[in-house]
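The values are calculated or read from the model by the stated rules, or taken from the named source; none is laboratory data. For clarity, every value in this text was computed on a predicted model and none was experimentally measured. Glycine also receives a Cβ, built like all others from the backbone with ideal geometry; neighbour counts cover every protein chain displayed.
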Amino acid sequence: MYRLFVKRLLDIILSGMAIVVLFPVYLIIAIVVRIQMGNPVLFSQDRIGKDEKIFKLYKFRSMTNEKDENGELLPEKDRLTKFGIALRSTSLDELPELLMIFKGDMSIVGPRPQPSFYLPYYKEEEREGHKVRGGLLPPDCLSKEVQCDWETQLKFEAYYAENLSFVMDVKVILCTFIILYKRMKHNYGADDRPMLHVYRRGTVDEMTLKEWEKKGVPIK
């Protein structure tokens, strides 16, 4: 009952209330981002949703669009602003995701929705995490680590999808407060973890990549 009905109902009610209450915060962050980093105020990217359906995710921008002499974007660490780091450390950059939750693309609690081009780099058992909606508050916080490694994160996500329950969601929510405190203390926003397709580069054969490409998944 919780998995099929109650969880979605709570997502609609709680996200709707949060959007209304936090509207002034949205406005302030948008103005600061616009002043410091220019347009657009929001960062958007295709992400992996429930049953591996792709949806558009939005966040407040935390980086500039500075480029080198060849017109290529500078590395992320060189484009992060102090305000952007603060947004990431407090997770305020993720507030626009409440709109995705209200719409139904995401849930309040669930696996992190990752970029669509990560799909070829998931192991079969890790794809179990895609059986549920991705969430704003991810289950890997149960590891109690500020930034866990990919193996740990994807293991927790698959476990969550298989054992989703009200009690599990409450545990994730409570652990999130602990992780947020640790993030602010350890300046999480400045952390630089390799992206999954870089971390697992060389572990996926060309034939598999081409098969995903035929399905419309961009390959990087």
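Observations on the model:
- For region 106-123, the set of residues classified as over 20 Å from C141 (Cβ atoms) and touching an Asp or Glu at 6+ places or on another chain (Cβ under 9 Å) consists of P115, S116, F117, L119, P120, listed by residue number.
- Test: residue in region 84-103 that is farther than 23 Å from F177 by Cα and either of a type in the set (A, V, I, L, M, F, W, C) or touching a Phe, Trp or Tyr at 6+ places or on another chain (Cβ under 8 Å) (or both): no
- Residue check for R183: part of a helix (DSSP H, G or I) and either in contact with a Lys or Arg (Cβ under 9 Å, 6 or more places away or on another chain) or modelled with pLDDT under 85 (or both): yes
- Neighbours by Cβ (under 6 Å, 6+ apart or cross-chain): first from region 150-175, free of Cβ contacts under 8 Å to residues at least 60 places away in the same chain; second surrounded by 18 or more Cβ atoms within 10 Å (Cβ to Cβ) and assigned to a loop (DSSP other than H, G, I, E, B): E157/P111; A161/V132
- In the condition set (1) acidic (D, E); (2) in contact with a Leu (Cβ under 9 Å, 6 or more places away or on another chain); (3) buried (at least 17 other Cβ atoms within 10 Å of the Cβ), D46 is compliant with all but (3).
- Test: residue in region 7-14 that is touching a Ser or Thr at 6+ places or on another chain (Cβ under 7 Å), of a type in the set (D, E, K, R), within 21 Å of F117 (Cβ to Cβ) and surrounded by 12 or more Cβ atoms within 10 Å (Cβ to Cβ): no
- Filtered residue count, region 141-155, keeping only those that are farther than 17 Å from Y121 by Cβ and either touching a strand residue (DSSP E or B) at 6+ places or on another chain (Cβ under 8 Å) or part of a helix (DSSP H, G or I) (or both): 3
- Residues that are of a type in the set (D, E, K, R) and modelled with pLDDT of 85 or more number at least 1 in the following helices (runs of 4 or more DSSP H) confined to region 1-83: 7-21, 23-37.
- Residues in region 99-109 that are out of contact with any Leu (no Cβ under 7 Å at 6 or more places or on another chain) and assigned to a helix (DSSP H, G or I) were compared, and the one that is nearest to Y26 (Cα to Cα) is L99.
- Checked against (1) touching a Gly at 6+ places or on another chain (Cβ under 6 Å); (2) under 21 Å from R183 (Cβ atoms), F55 meets all criteria but (2).
- Hey, R127 more than 27 Å from M37 (Cα to Cα), touching a residue at least 60 places away in the same chain (Cβ under 8 Å) and assigned to a helix (DSSP H, G or I) or not: yes
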